[in-house]
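Heads up, the thing below is written out as structure tokens.
The values are calculated or read from the model by the stated rules, or taken from the named source; none is laboratory data. A quick note: this is a predicted structure, and the numbers were derived from the prediction, not measured. For neighbour counting, all protein chains shown are included, and Cβ atoms are generated from backbone atoms with ideal geometry for every residue, glycine included.
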Amino acid sequence: MQTLVDQALPARYVGRFAPSPTGPLHAGSLVAALASWLDARAHGGQWLVRIEDIDTPRCVPGADTLILQQLAACGLRPDAPPLYQSQRGGHYQAALDQLIAAHLAYPCACTRQDIERALAERGQARPRHGELVYPGTCRHGLQGRPARAWRFLTENIEQNRPPALMGRAQAAPDSIASQLLHWQDRRLGPQQQNVEEAVGDFVLKRADGLWAYQLAVVVDDGAQGITDIVRGEDLADNTARQILLQRALGLPLPRYLHTPLVLGANGEKLSKQNGASALDTTHPLQALDEAGQVLGLPAGLSARTTADWLQQAVAFWSRATKIER
Ligand code: GLU
């Protein structure tokens, strides 16, 4: 399997798997769960499960229990009771208040149409992953319109100082360059993103009152003392936004490892949205073998129980992890 680079041996290791209970686990989500479990065990660390049930309209009743049962059938049991994001609104509000006080979050009144119009006026209507880059309209105030959402200010975070409210339309090229965020992914290598340019100021609390994934995930990773985030590569693009929030909230920066995705017959990432079927755990060794192969583990580990299989897989995982000092 591919070598996974560790920049430094962590003094302690706390990892997590953070499924959204929008349906049962599928083959792709087992890969992420298994990788985070193996990495935690290979580092002698703790492994936690967090149920990310903040997007309530998308949550399916009972899916959390089913996911935990599917994990358990594969021998993956968390070291502490799962944390439910739906019960943590007070913590997200405290973090939002902290960002508002630091002038890093502001209310936004824009509808999607407002954003499209503002971008078109600038000749910049370029969707990215189907998302529009927010042009920063409400950074200057709501102009009498009612607030719909709270956004995080991506600019000036490097200096962690309030924005100048006037005369900052043209950022000098060197200030753009200085906001290029760099980080290391243990599998993907050196990464970089200018969040301001690629995404724009992003939503922390939605118009419908729901908390946004970016804020909730950062607050909870911080609260749970997560040192290592191991998750699917489809989430890699969120990392820069999350690092900005970690810095702004004064949280320690975790290490990142994004795992390969399982592709469906159409070549697209397997996901609940494109109808991936529920993981069949009647033959857990087969499910583990298939997930393991996506992660580069040898096929057909000669194991008779899931515990046996997992023990052998941890040994492979440990050998593939290279510590760089
Ligand atoms: N809840 C997210 C998902 O199921 C994962 C969040 C994360 O691992 O950061 O896609």
Next on the checklist: Within the stretch 108-122, does at least one residue satisfy the condition of being within 25 Å of Leu215 (Cα to Cα), without any contact (Cβ under 8 Å) to a residue 40 or more places away in the chain and touching a strand residue (DSSP E or B) at 6+ places or on another chain (Cβ under 7 Å)?
Outcome noted: no
Next on the checklist: Go through the stretch 134-149 and report how many residues are within 14 Å of Arg112 (Cβ to Cβ) and polar (S, T, N, Q).
Outcome noted: 1
Item to check | Selection within the stretch 233-248 - closer than 21 Å to Leu83 by Cα and surrounded by 20 or more Cβ atoms within 10 Å (Cβ to Cβ) | outcome: Gln242, Leu245
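From the list Gly23, Gly62, pick out the single residue that is closer than 30 Å to Asp208 by Cα, more than 16 Å from the ligand (Cβ to nearest atom) and either of a type outside the set (A, V, I, L, M) or in contact (Cβ under 8 Å) with a residue 40 or more places away in the chain (or both).
Gly62
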Next on the checklist: I want to confirm something. Restricting to the stretch 94-121 and keeping residues that are exposed (fewer than 14 other Cβ atoms within 10 Å of the Cβ) and over 20 Å from Leu142 (Cβ atoms), which single residue is modelled with the highest pLDDT?
Outcome noted: Ala94
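Quick one: in the stretch 246-269, of everything that is in contact with a helix residue (DSSP H, G or I) (Cβ under 8 Å, 6 or more places away or on another chain) and more than 12 Å from the ligand (Cβ to nearest atom), which residue is modelled with the lowest pLDDT?
Out of the qualifying residues, it is Val262.
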Next on the checklist: Of the residues Val203, Val195, Val199, only one is in contact with a strand residue (DSSP E or B) (Cβ under 7 Å, 6 or more places away or on another chain) and at pLDDT below 95; which?
Outcome noted: Val195
Next on the checklist: Which numbered condition in (1) closer than 27 Å to Val14 by Cβ; (2) surrounded by 15 or more Cβ atoms within 10 Å (Cβ to Cβ); (3) within 16 Å of the ligand (Cβ to nearest atom); (4) of a type in the set (A, V, I, L, M, F, W, C) is the only one that Ala223 fails?
Outcome noted: (2)
